[in-house]
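Structure first, then comments.
The values are calculated or read from the model by the stated rules, or taken from the named source; none is laboratory data. Everything numeric in this text was worked out from a predicted model, so none of it was measured. Cβ atoms come from the backbone with ideal geometry, glycine included; neighbour counts cover every protein chain shown.
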Amino acid sequence: MPAKYKVEEVQELREKLARSQAVFIAEYRGLTVAQMTEVRARVRAAGGEMRVAKNTLMSIALKEEGFPASDQLTLGPNVYTLAFEDAVAVAKALQDFAKEKPNKALQIKGGLLGQSVLSAEQVTALADLPSREQLIAQVVGTIAAPLRGLVTVLSGPSRGLVTCLSQLKEKKEKDAA
């Protein structure tokens, strides 16, 4: 019979996993408390949460929540980063922190996105994607470009008419003088 605190821990992990879009797994061995606090703050700002949990308890919670099993990702001391809102923003926050020279101890191992197991390279590729706001701006710009062109084309004849009338006015004023 498992201890009561372990059952409670698995239940708490399951609740958090049910709300998350993705889970990123990294090894944190060698990070100082200040560095861990900084990376947690960055992840929190991006809409995620970092959690250090026993690998067996997290594996049980992942399996019970329907995430794919990946035993090679859950070896060693791991920190699990849950992305609640924007998985790309959370991956970007982790990647940016890990790239900084004093923070090389944070090694991203991989992740779980939906029913897919991601390698470390795939997490890096996900982090390199533009943010949600940038993608929306690109779509709006793409939609607006033809409309801008249409407005320019439709305003051309009226602009030409105004220019022609202006030149006629100037010519008549010259002739009258």
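Select from segment 104-123 the residues that are of a type in the set (D, E, K, R) and not in a strand (DSSP E or B) and write down the one among them that is farthest from Arg40 (Cα to Cα).
That would be Glu121.
Here are some conditions: (1) at positive phi; (2) under 14 Å from the mean Cα position of the chain (by Cα). Asp128 meets all but one. Which one does it not meet?
(1)
Which residue pairs have Cβ atoms under 8 Å apart, sit 6 or more places apart or on different chains, and have a first residue in segment 38-53 that is closer than 16 Å to Ile108 by Cα and exposed (fewer than 15 other Cβ atoms within 10 Å of the Cβ) and a second that is among the polar types (S, T, N, Q) and modelled with pLDDT of 90 or more?
Within 8 Å, no pair qualifies.
Restricting attention to segment 54-71, which residues are in contact with a Lys or Arg (Cβ under 8 Å, 6 or more places away or on another chain) and either surrounded by fewer than 14 Cβ atoms within 10 Å (Cβ to Cβ) or not assigned by TED's automatic domain parsing to the domain that holds Leu94 (or both)?
Ala69
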